[in-house]
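Reading through the structure tokens given below for one structure.
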Amino acid sequence: MIQIAPLAHSWAFEAIGTAWRIDAASPLDDGVRDEITGAIAAFDREWSRFRADSLVSRLGEEGGEAPAPADAVAMLDAYDALDTATHGAVNPLVGDSLARRGYDAGYSFVDHGATPAPVAWRQIFSWSAETVRLAEPAILDVGALGKGRLADLVLALVPAGPAVVDAGGDIAVRGVTQRIALEHPYDASLAIGVWSVTDAALCASAVNRRAWGDGLHHVLDARTGEPVRQYAATWAVAPDAMTADAVATALFFDGGPQLAAEWGADWVRMRTDGSVEWSPHCEAELFS
């Protein structure tokens with residue numbers, strides 16, 4: 001991350017298994033920090049499939065109905081659109097497929113084989129502003145857009161003025177320009193380009209992150225339970241981080257560019273052969 005205008009106040013911390021950094025023009029005093037850490041903890045208690053006491057874990061074990069978290073409609077409506085755009089490759093009930101490949105609550109990284117996510121997931125899972133309901137036990141995974149959503153929530157808690165929230169590479173920018181390096185997925189010391197972002201968000205996803213075993217990683221095709229092989233990394237810029245995060249996930253599949261256009265996002269993606277594609281109006285500075 002390359003910042004053009006330095007901001008006076010900075011705070012780095014670990015949460016939800018990733019490194020966070022907040023840079024702001026306004027002070028990040030103890031009250032602000034407590035509010036932010038409280039919001040992250042509350043989000044984790046609702047949406048994490050890695051903790052036994054979360055709403056997701058309870059529904060995963062028992063099914064049934066529960067009061068809807070505040071983010072449910074925005075996040076799950078976006079998942080519905082992701083599933084449609086990618087022809088089922090992105091599915092909110094992919095959690096069991098990920099767990100069977102080794103990306104489970106205990107991080108065992110022991111592969112038990114490919115299992116497709118439920119194709120008819122809309123018949124199992126429903127939601128509204130009041131409730132979320134699973135007709136039978138199933139593991140919900142919000143990894144396609146959850147961290148982006150949380151980055152937006154955290155940015156909203158940072159006092160007024162220029163600020164940047166970096167949630168492990170999902171970066172939300174307000175009131176300042178941030179030049180962000182696009183890390184090469186096969187060599188973290190290199191970048192394939194730089195993208196200047198102002199009052200928007202950039203989110204990235206790559207197969208070298210959360211990778212284990214024989215070619216296994218966290219980006220699965222829900223239709224097969226197999227890790228994607230065609231693309232190595234994606235980057236998306238959108239007005240908010242949840243949208244950018246969702247588009248970055250969709251870009252691993254054929255429907256991603258169309259969804260990005262519909263949602264007003266620009267993008268870059270690298271194939272596993274090293275070739276690079278980008279959206280028609282992309283303003284990233286890509287290196288040859």
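The values are calculated or read from the model by the stated rules, or taken from the named source; none is laboratory data. Predicted, not measured: the structure shown is a model, and the values here were computed from it. In this analysis, Cβ positions are derived from the backbone assuming ideal geometry, glycine residues included, and neighbour counts consider all displayed protein chains. We work out accessible area using only protein heavy atoms, side chains counted, and drop any ligands, DNA or RNA first. Shrake-Rupley method; radii C 1.70, N 1.55, O 1.52, S 1.80 Å.
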Can you find, within segment 206-218, the residue that is nearest to T243 (Cα to Cα) among those that are open to solvent by 40 Å² or more (accessible area, probe 1.4 Å) and touching a strand residue (DSSP E or B) at 6+ places or on another chain (Cβ under 7 Å)? R210
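Can you find a residue in segment 227-234 that is among the hydroxyl-bearing types (S, T, Y), under 26 Å from R51 (Cα atoms) and in contact with a Cys (Cβ under 9 Å, 6 or more places away or on another chain)? Explain how you work it out, then say what you get.
Residues of segment 227-234 among the hydroxyl-bearing types (S, T, Y): 231, 234.
Those left that are additionally under 26 Å from R51 (Cα atoms): none.
No, that holds for no residue.
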Please work out if D199 is open to solvent by less than 10 Å² (accessible area, probe 1.4 Å), among the acidic types (D, E) and either over 18 Å from V276 (Cβ atoms) or touching a helix residue (DSSP H, G or I) at 6+ places or on another chain (Cβ under 8 Å) (or both). no
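Let's see how each residue does on (1) assigned to a loop (DSSP other than H, G, I, E, B); (2) open to solvent by 20 Å² or more (accessible area, probe 1.4 Å):
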residue	(1), (2)
A204	no, yes
T224	yes, yes
A236	no, no
A246	no, no
E262	no, yes
R269	no, no
C282	yes, yes
Taking segment 6-38, which residues are under 20 Å from A201 (Cα atoms), exposed (fewer than 12 other Cβ atoms within 10 Å of the Cβ) and over 24 Å from the mean Cα position of the chain (by Cα)? P6
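Residues are listed down the side, and each one gets a yes or a no for (1) touching a Gly at 6+ places or on another chain (Cβ under 7 Å); (2) in contact (Cβ under 8 Å) with a residue 60 or more places away in the chain:
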{"residue": "Y107", "(1), (2)": "no, no"}
{"residue": "A120", "(1), (2)": "no, no"}
{"residue": "I124", "(1), (2)": "no, no"}
{"residue": "W127", "(1), (2)": "no, no"}
{"residue": "A135", "(1), (2)": "yes, yes"}
{"residue": "A144", "(1), (2)": "no, yes"}
{"residue": "A151", "(1), (2)": "no, yes"}
